[in-house]
Structure formats: structure tokens, C-alpha cells
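Working notes, beginning with the structure itself.
The values are calculated or read from the model by the stated rules, or taken from the named source; none is laboratory data. Not measured: the values here are computed from a predicted model. Neighbour counts are summed over all protein chains in view; Cβ atoms, including those assigned to glycine, are modelled from backbone coordinates with ideal geometry. SASA here: full protein model, heavy atoms, side chains in, ligands and nucleic acids out. Shrake-Rupley method; radii C 1.70, N 1.55, O 1.52, S 1.80 Å.
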Amino acid sequence: MATDNDFGAFIEKLTISPIPPSSFPPSLQGLTFAIKDIFDVEGRVTGFGNPDWLRTHTAATSTAPAVSCLLEAGATALGVTMMDEMAYSINGENAHYGTPRNPIAFDRVPGGSSSGSAVAVAARLVDFSIGTDTGGSVRVPASYCGIFGFRPSHNAVSTAGVTPMAQSFDTVGWFARDTSTLKRVGSVLLEQPHLNCIKPDQLIIADDCFKLCSVPRDMLVQPLVGSVEKLFGGNTVVKKVNLGEYIEENVPSLKHFMTSHDVTTQQDFCIPSLMALSSSMRLLQRYEFKINHGEWVSSVKPEFGPGISARIEEAINTSDEKIDLCRSVKSELKTALSTLLGEKGVLVIPTVPGPSPHLKADVAALESFRSRAFSLLSIAGVSGFCQVSIPLGLHENLPVSVSLVAKSGSDGFLLSLVDSIAELI
């Protein structure tokens with residue numbers, strides 16, 4: 001169980017030594033890492049953030065391939081980390097096991113659901129960690145804790161041996177304090193040992209998306225643009241786009257979600273098409289969660305914490321109405337963004353709408369922030385594109401970040417790019 005000196009990051013400390021490599025040299029030799037409590041480890045019950053889940057499941061008979069390949073590459077696992085219950089939150093608060101402490105801002109949430117994995121890296125307890133990202137569970141805690149977080153293209157890294165949340169969006173992601181480690185881990189998980197930097201042909205700034213963010217636009221955008229221009233001599237085209245308008249015009253199935261309650265009742269600034277995108281993502285997520293875990297929830301009647309309980313009840317009561325439309329939105333968005341970015345284009349967006357919220361903040365008060373967050377997170381989530389969250393220091397003493405998004409399958413390109421520009425930011 002967690003202790004004060006580990007910032008509450010670990011639910012179980014253990015040591016899993018490297019195993020002999022099978023297909024590549026030990027490129028992670030000497031590095032330590034932590035494992036989210038959603039990955040199977042042979043001989044251990046995967047807890048999925050909930051004590052009733054832990055009580056009603058048996059020990060894993062094998063280790064998840066994503067974990068095994070890191071061990072084969074020479075890394076040493078030091079423990080299993082805290083997570084939100086059933087991976088169903090982006091806050092990082094767990095009513096049963098406690099909330100990992102954000103090492104940069106003790107009075108703020110660490111972000112979730114890969115909370116402990118992010119905290120373990122930010123607190124320098126390990127060199128890197130792995131988590132999962134369905135709706136934002138790597139990108140959000142990376143931003144809140146001031147570290148790098150990578151969500152790969154959907155299906156780029158094996159999710160075998162990972163407890164599913166919603167398979168249409170589930171990905172295995174990772175955290176690191178520096179881009180060299182981020183890239184080294186990526187080369188192993190992606191099975192791409194040679195990652196070379198390739199100049200992006202365009203840097204597309206989603207100008208409207210920065211209006212969703214409380215951090216000044218220039219603080220997030222200018223360092224990034226400046227670093228790309230320094231590295232590539234100003235040859236990369238930098239342009240602005242109204243992403244909301246582009247998506248509304250090029251994703252026709254979104255019209256079926258544009259009149260949803262989430263869109264029509266929003267009071268603060270919003271981007272209707274991105275709110276509709278978020279609505280479609282969360283509907284399909286709820287439906288797949290029900291398919292995966294509805295029977296267990298109904299039979300075991302587990303105890304859930306505040307917020308999680310209502311979310312899971314909504315999921316269990318979800319019908320298959322509009323599910324085919326959700327899948328059409330996914331396909332159409334992937335095509336639309338592929339056309340926008342081209343072969344080597346990169347989209348620039350805020351990772352989240354601002355610094356992390358206070359601990360135990362009122363759920364209703366957080367609704368606007370949460371709504372804007374999912375508007376941003378759904379871009380890569382629904383398209384299946386890869387995204388990296390880049391820390392940009394502090395604003396009003398709290399970590400802030402910006403994100404780069406690249407087309408599906410461009411993970412190596414994106415990792416190499418962020419590694420090349422990081423020292424110039």
C-alpha cells in the first residue's frame with residue numbers, strides 16, 4: 001500500500017528484474033519503471049482501482065506483453081501504481097485507496113486515471129512508467145504533473161493482458177521526465193528501434209482550441225513555433241486553422257450529436273463540433289464499458305466512490321442507439337484529419353483547458369472544465385491519432401502543457417520530433 005515517502009503513487013511495491021531479451025538488445029538497461037494496476041503481472045491479481053474487483057478476480061497467469069517487452073529491453077519494474085476506479089475518471093482521486101499526491105502542486109489533483117504512474121515519474125521514484133489512455137488518462141496526468149506523456153496511435157501497442165475499459169479507444173501510453181527516455185521507451189513498445197527526426201512539412205495551430213484554455217495562448221504556442229523554426233530554419237509552414245469549423249464541415253455524422261444536451265446547455269465558450277465529438281466518444285465508451293463489465297457490476301454490486309458511481313450507472317443503462325453513428329464519426333474524423341495534416345503535418349492544441357483542479361473540488365463546479373477537457377481530448381481519442389503532451393513550465397505556479405498530434409501510424413515521427421525540439425523550447 002502507498003506510503004508518505006512515495007507520494008501515494010504505488011499500490012504495491014515489488015521488484016521485477018529484467019529478463020533475457022528475445023528480439024532486440026537491452027536498450028532500456030539500467031532504467032526503472034512503474035506499472036499501472038490495469039496490466040496483468042503473472043502471479044498477481046490486477047486490481048483495476050477497486051477493492052471489490054480485486055476480491056472477485058484471480059491472479060494473472062501471464063504478464064501483459066507491453067510489460068514483458070520492457071523487461072526484455074533491460075528495464076526493472078519497481079511497483080504497481082494507483083489508478084482511478086475502473087479507469088473511469090481523469091481526476092486521479094480514488095475513494096478506496098487514496099489519491100496520489102501531485103509532486104508539483106500538493107493541493108491539486110494529479111490527473112487520472114493513470115494517476116500513480118504519472119506521480120511516480122514526476123516525483124522521480126522511477127525513470128518512466130506505463131499507463132493506459134482511453135479518454136485522456138495519460139495526457140491529462142502528464143499535463144497536471146509537468147511531465148511528458150505519450151498516447152500512441154490506436155492499436156500501435158498491444159493491449160493484450162490489459163483490463164479493457166472501451167476497446168475502440170484503449171491505448172497503452174507512457175510517461176517520462178525527458179524526451180530521450182520517452183523516445184527510448186517508445187522505440188521498444190512500438191518495436192521501432194531506429195527513430196530518426198524528419199522535418200514536419202506543416203505545423204497547424206488549432207487557434208479556436210486555445211480559446212478553451214485559461215493559459216495565455218502565446219505562452220503555449222510561441223515556444224513551440226520558435227523551436228521548430230530554430231531547428232528547421234523556418235522551412236516548415238506554420239498556419240492557423242479553425243478546427244471546430246473544419247470538423248463540422250468534414251464529419252457529416254456529427255450532426256446527429258450536435259443537438260445533444262451537452263452541446264445546447266453549455267454556458268461558457270465552447271466549440272459545438274468538438275462537444276459533439278466528445279459526446280459521441282463518451283457514448284461509445286459507455287456502451288463498450290457496459291459490454292465489458294456490466295454483468296460483473298450487476299452481479300457483484302461493488303462499492304464505487306463519488307462521481308464514479310453515477311458514471312458507471314449511466315454506462316450500465318446505455319442502449320445501442322446511435323452506436324453505429326459513433327463508429328461512423330470515428331471513421332470520418334480519421335479521414336478528415338488525415339487530409340488536413342497530410343503525410344508529415346502536426347496539429348498543435350492545448351492538452352487540457354488549464355492547470356489541474358483543486359483536490360475534492362465540487363463535481364458540479366468542475367463540469368465546465370471537464371466538458372472543455374473532453375472537447376480537446378476527443379480529437380486524438382476519436383481519430384485514433386497519436387498525441388504527445390509537452391510540459392512548458394509553470395503558469396501561476398502550476399504546470400502547463402501543449403500537445404502535438406500526428407496522424408495514425410506516425411508515432412515514431414512524433415517521438416523523434418519532440419525529442420529534437422524539446423531542448424529548444
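Numbers at a glance
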read-out	value
Selected residue (only one of Arg124, Arg55, Arg44 is among the basic types (Lys, Arg), out of contact with any helix residue (DSSP H, G or I) (no Cβ under 6 Å at 6 or more places or on another chain) and under 21 Å from Ser180 (Cβ atoms))	Arg124
Wholly within the range 1-108, strands (runs of 3 or more DSSP E) carrying at least 1 residues that are touching an Asp or Glu at 6+ places or on another chain (Cβ under 7 Å) and more than 30 Å from Ala315 (Cβ to Cβ)	32-36
Test: residue in the range 149-156 that is surrounded by fewer than 24 Cβ atoms within 10 Å (Cβ to Cβ) and charged (D, E, K, R)	no
Flag for Ser319 being at pLDDT below 95 and either of a type in the set (Ser, Thr, Tyr) or crowded, with 21+ Cβ neighbours inside 10 Å (or both)	no
Filter pass, Met275 being among the hydrophobic types (A, V, I, L, M, F, W, C), at pLDDT 95 or above, in contact with a Gly (Cβ under 6 Å, 6 or more places away or on another chain) and crowded, with 21+ Cβ neighbours inside 10 Å	no
Residue tally, condition crowded, with 19+ Cβ neighbours inside 10 Å and touching a Gly at 6+ places or on another chain (Cβ under 9 Å), over the range 347-365	3
Residues that are hydroxyl-bearing (Ser, Thr, Tyr) and assigned to a strand (DSSP E or B), drawn from the range 377-425	Ser389, Ser401, Ser403
Qualifying residues in the range 322-338 (those that are open to solvent by 90 Å² or more (accessible area, probe 1.4 Å) and of a type in the set (Lys, Arg)) - the one farthest from Ala406 (Cα to Cα)	Arg327
Contacts under 6 angstrom Cβ, first residue in the range 61-76 being closer than 14 Å to Ile130 by Cα, partner open to solvent by less than 10 Å² (accessible area, probe 1.4 Å) and assigned to a helix (DSSP H, G or I), 6 or more apart	Cys69/Val188
Search result, residues across the range 109-145 that are in a loop (DSSP other than H, G, I, E, B) and crowded, with 24+ Cβ neighbours inside 10 Å	Val109, Pro110, Gly111, Gly112, Ser113, Ser114, Val126, Thr134, Gly135, Gly136, Ser137, Val138
Filter pass, Phe106 being free of Cβ contacts under 8 Å to residues at least 40 places away in the same chain and open to solvent by 10 Å² or more (accessible area, probe 1.4 Å)	yes
Subset of the range 26-81 [within 17 Å of Val126 (Cα to Cα) and open to solvent by 40 Å² or more (accessible area, probe 1.4 Å)]	Ser27, Gln29, Gly30, Leu78
Filter pass, Asp411 being surrounded by 24 or more Cβ atoms within 10 Å (Cβ to Cβ), in contact with a helix residue (DSSP H, G or I) (Cβ under 8 Å, 6 or more places away or on another chain) and of a type in the set (D, E, K, R)	yes
Count of residues meeting criterion [in contact with a Lys or Arg (Cβ under 6 Å, 6 or more places away or on another chain) and of a type outside the set (D, E, K, R)] in the range 133-167	3
Residue match in the range 303-314 (condition: more than 25 Å from Val251 (Cβ to Cβ), open to solvent by less than 60 Å² (accessible area, probe 1.4 Å) and of a type in the set (D, E, K, R))	yes
Odd one out for Asn102 among (1) touching a Cys at 6+ places or on another chain (Cβ under 9 Å); (2) under 26 Å from Leu190 (Cβ atoms)	(2)
